[in-house]
Amino acid sequence: MSTARTLHLVPRPHIGPDPRRCAQHVGDLILSARNLDGRPLEEVAPLAGLTVDEWLELEAGGAADFCWETILLIRQVLRCDATWMAYVAKFYKAAQAQ
């Protein structure tokens, strides 16, 4: 004799990405791009309209405190490609949910 088993799925509320972790990913991507660029922070930060401390804050996960235009300036200064920008855009958008 066979017993049929039914799997009952319990709906779960949508769990989105953690904005703090996404902001940290943005910072990590910027840090990696800056390291590949090779120029010192004191040279690149002013080119993006930032102080060294502001740039370091962004790399430390403060993306939610900066406008999208700042990210675009950083991309231009570091000469990052479209693939890099796609990752940054995805995580930046999620970081703004804070």
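In region 67-98, the qualifying residues are those that are of a type outside the set (D, E, K, R) and not in a helix (DSSP H, G or I), and the one that is farthest from R20 (Cα to Cα) is C80. One residue stands out in region 55-98 among those that are among the hydrophobic types (A, V, I, L, M, F, W, C) and touching a residue at least 60 places away in the same chain (Cβ under 8 Å): the one that is surrounded by the fewest Cβ atoms within 10 Å (Cβ to Cβ), namely A97. In this structure, L50 qualifies as out of contact with any strand residue (DSSP E or B) (no Cβ under 9 Å at 6 or more places or on another chain), at pLDDT 95 or above and not in a helix (DSSP H, G or I).
The values are calculated or read from the model by the stated rules, or taken from the named source; none is laboratory data. In this text the structure is predicted, and so the values were computed from the model without any measurement. Reconstructed Cβ throughout: ideal geometry from the backbone, glycine too, with neighbour counts over all protein chains shown.
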